[in-house]
Amino acid sequence: MPGLVIVGAQWGDEGKGKVVDLLAERADAVIRFQGGNNAGHTIVLGEEIYKFHLIPSGILYPGKLCVIGNGVVVDLRVLSEEIEGLRRRHIDASGLRISANAHLIMPYHLLLDEAGEAKLGSREIGTTKRGIGPCYADKAARLGIRVQDVLDEKILKEKITAAIEPKRQTLRAYAKDPRLDLHQMTEDFTSFGHRLEPYIADTPPIAWKALDDGRLVVFEGAQGTLLDIDHGTYPFVTSSNPIAGAACVGAGVGPKSIDHVWGVTKAYSTRVGAGPFPTELRDGVGDRLREAGAEFGTTTGRARRCGWLDIVALRYSVRVNGLTALVITKLDVLTGIDPLQVAVGYVGPEGARFEDFPYHQSVLHSARGETVDLPGWHEDISGAREIADLPPAARSYLDFIEERLGIPVAMVGVGPGRDEIIWTDVAGELAR
Ligand code: IMP
């Protein structure tokens, strides 16, 4: 299975990092293709906890080729800190490659993100305030600064000057802010350039070579399908395309290079930030999911909104990504909740029923999940390593999802540790 895309099937935070980390061991290269340090993943390895925002999840395997693709937006300060953090823990980061064409999150993008949210007031999106939206906006406006620009001080200065010019009005309040000083910015970014030069590369050929050799390449998505700027719950979305199609654009490979697309979903639903969430639980069950699932953001520490599993949204996700299999994480978090509920449709305010994900924002904003009850289980499932080890109710929960979505389950997460996972037959040769 040479080209495998891993995407979030919900609103992000599905546990993609752990899945990619496990697959990375079998892969020649792991390539991130969109998003930036708005993402965050935690990998638990024995007693050690690792948190990454930009560096692909495979970095913990010494020398593994871990690529930050052209579709990613990069905050060089954050990236430098992550590299430094790895060095301090004696982890070999020599496999890291950063696309010379990736766009940079500049200090003014952070300020614009902050100012944009403040201006929206109660209509704010709840962004991570990491400058993601303004950076992608500059990319589209052809005012972006790219990784390769930090290798040439003169070009860098010219480009920063051109990028800041149309923003003067919006940034007026920060006119004297040292973060916007042109000379300082140029100096800081040139010095990042010197330090990061060994990692900067023309990255698509890395993927082409591995794919030509029939090796496994994992394309690592960030955020999730419903945060996609085209297909998600706009405007409450991120500014990139977390869906599988973006793997081609953001890594520089053609669609025929993608053989498998796995969608990662929690056994329930969560969302951070504002926007529609039809199965949200604003009660004790929601609190229980948050506590048991430690549902607090890796990037911003914000409490995540929690709710039942949403089959309507997942069916949509199967279609827009062309999912070939599903990875279900955090099944253990549901232990002890009996009965469980799963949304199989939506009901609008006037009683209208929807079986398919509504395209219209007004419908989506007021839709509530129409749920069915499924039996829960009480046994500790963290030791399960095969589907057969699970209690019957947990197995029928998985069967229900497979049947409703029409795709098989490849992996099931039963705890936070690297080994607390079930590989099914669908994972094929990747399983061992
Ligand atoms: P931005 O990506 O920082 O612009 O934020 C836009 C929306 O996407 C907000 O609702 C964020 O909470 C959400 N978001 C961005 N990145 C992630 C993520 O990695 N996990 C979950 N939500 C995210």
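The values are calculated or read from the model by the stated rules, or taken from the named source; none is laboratory data. Remember, it's a predicted structure, so these values are computed and weren't measured experimentally. Using ideal geometry, Cβ is built from the backbone for each residue, glycine included, and neighbour counts are taken over all protein chains shown. Ligands, DNA and RNA are excluded from the accessible area calculation, which covers all protein heavy atoms including side chains. Shrake-Rupley method; radii C 1.70, N 1.55, O 1.52, S 1.80 Å.
Tell me, yes or no, whether the range 285-308 has at least one residue that is closer than 17 Å to Asp373 by Cβ and in a strand (DSSP E or B).
Within the range 285-308, one or more residues are closer than 17 Å to Asp373 by Cβ and in a strand (DSSP E or B).
Would a scan of the range 334-354 turn up a residue that is farther than 23 Å from Pro375 by Cβ and charged (D, E, K, R)? Don't jump to the end; show me each part of the working.
The first filter runs over the range 334-354 and keeps only residues farther than 23 Å from Pro375 by Cβ, leaving 346-354.
After this cut, where a residue has to be charged (D, E, K, R) as well, the list is 350, 353.
Yes, there is a match, as at least one residue in the range 334-354 is farther than 23 Å from Pro375 by Cβ and charged (D, E, K, R).
Does Leu226 fit the bill of being of a type in the set (A, V, I, L, M), over 15 Å from Gln10 (Cα atoms) and assigned by TED's automatic domain parsing to the domain that holds Ile59? Steps first, please.
On the way: of a type in the set (A, V, I, L, M): yes; over 15 Å from Gln10 (Cα atoms): no; assigned by TED's automatic domain parsing to the domain that holds Ile59: yes.
No.
Please give the number of the condition Ala427 fails out of (1) at pLDDT 95 or above; (2) surrounded by 15 or more Cβ atoms within 10 Å (Cβ to Cβ).
(1)
What's the total number of residues in the range 301-351 that are in contact (Cβ under 8 Å) with a residue 40 or more places away in the chain, open to solvent by 50 Å² or more (accessible area, probe 1.4 Å) and more than 26 Å from Glu420 (Cβ to Cβ)?
Adding up the residues that qualify gives 2.
Output the number of residues of the range 233-276 satisfying the condition of being at positive phi and away from the ligand (no atom under 15 Å from the Cβ). Don't jump to the end; show me each part of the working.
The first filter runs over the range 233-276 and keeps only residues at positive phi, leaving 252, 273, 275.
Of the ones still in play, those that are also away from the ligand (no atom under 15 Å from the Cβ) are 252.
The qualifying residues number 1.
Does the range 47-64 hold any residues that are within 15 Å of the ligand (Cβ to nearest atom) and of a type outside the set (Phe, Trp, Tyr), and which are they?
Here is the first cut: in the range 47-64, the residues within 15 Å of the ligand (Cβ to nearest atom) are 51-57.
Scanning the range 47-64 gives Lys51, His53, Leu54, Ile55, Pro56, Ser57.
Among the residues of the range 352-367, write down those that are loosely packed, with under 14 Cβ neighbours inside 10 Å and assigned to a strand (DSSP E or B).
Arg353 - this is the single residue of the range 352-367 that is loosely packed, with under 14 Cβ neighbours inside 10 Å and assigned to a strand (DSSP E or B).
Hey, can you tell me all the residues within the range 277-287 that are open to solvent by less than 30 Å² (accessible area, probe 1.4 Å) and either among the β-branched types (Val, Ile, Thr) or within 11 Å of the ligand (Cβ to nearest atom) (or both)?
Phe277, Thr279 - these are the residues of the range 277-287 that are open to solvent by less than 30 Å² (accessible area, probe 1.4 Å) and either among the β-branched types (Val, Ile, Thr) or within 11 Å of the ligand (Cβ to nearest atom) (or both).
Among the strands (runs of 3 or more DSSP E) lying completely within the range 1-72, list those that include at least 2 residues that are open to solvent by 10 Å² or more (accessible area, probe 1.4 Å) and out of contact with any Phe, Trp or Tyr (no Cβ under 9 Å at 6 or more places or on another chain). Before you say what the answer is, go through the steps one by one.
Working: elements: 3-8, 29-32, 41-45, 48-52, 65-68.
In the range 1-72, the matching strands (runs of 3 or more DSSP E) lie at 48-52.
Among the residues of the range 249-268, are any within 22 Å of Phe354 (Cβ to Cβ), of a type in the set (Asp, Glu) and in the same structural domain as Leu216 (by TED's automatic domain parsing)?
no
Looking only at the range 412-427, which residues are of a type outside the set (Val, Ile, Thr) and farther than 16 Å from Ile6 by Cα? Break it down stepwise before answering.
So the first thing to find is which residues in the range 412-427 are of a type outside the set (Val, Ile, Thr), and the list is 413, 415-420, 423, 425, 427.
Residues satisfying the conditions are Gly415, Pro416, Gly417, Arg418, Asp419, Glu420, Asp425.
Here is a check on your reading of the model: is Ile98 touching a residue at least 12 places away in the same chain (Cβ under 8 Å), away from the ligand (no atom under 16 Å from the Cβ), among the β-branched types (Val, Ile, Thr) and in a helix (DSSP H, G or I)?
In short, no.
Please list, ordered by first then second residue, the pairs with beta carbon atoms under 9 Å, 6 or more apart or interchain, first in the range 409-432 and without any contact (Cβ under 8 Å) to a residue 24 or more places away in the chain, second open to solvent by 10 Å² or more (accessible area, probe 1.4 Å) and assigned to a strand (DSSP E or B).
Ala431/Trp423; Arg432/Trp423
Which residue, of Asp213, Asp181, Asp202, Asp228, is open to solvent by less than 10 Å² (accessible area, probe 1.4 Å) and of a type in the set (Asp, Glu)? So that I can check it myself, show each step before the final result.
Values: Asp213 fails: open to solvent by less than 10 Å² (accessible area, probe 1.4 Å); Asp181 fails: open to solvent by less than 10 Å² (accessible area, probe 1.4 Å); Asp202 fails: open to solvent by less than 10 Å² (accessible area, probe 1.4 Å).
From the options Asp213, Asp181, Asp202, Asp228, the qualifying one is Asp228.
Listed residues His365, His378, His360; which is more than 30 Å from Tyr50 (Cβ to Cβ), in the same structural domain as Asn321 (by TED's automatic domain parsing) and within 24 Å of the chain's Cα centre (by Cα)? First the steps, then the outcome.
Working: His378 fails: within 24 Å of the chain's Cα centre (by Cα); His360 fails: within 24 Å of the chain's Cα centre (by Cα).
Of His365, His378, His360, the one residue that is more than 30 Å from Tyr50 (Cβ to Cβ), in the same structural domain as Asn321 (by TED's automatic domain parsing) and within 24 Å of the chain's Cα centre (by Cα) is His365.
Of the residues Val67, Val44, Val72, Val30, only one is among the β-branched types (Val, Ile, Thr) and within 14 Å of the ligand (Cβ to nearest atom); which?
Val72
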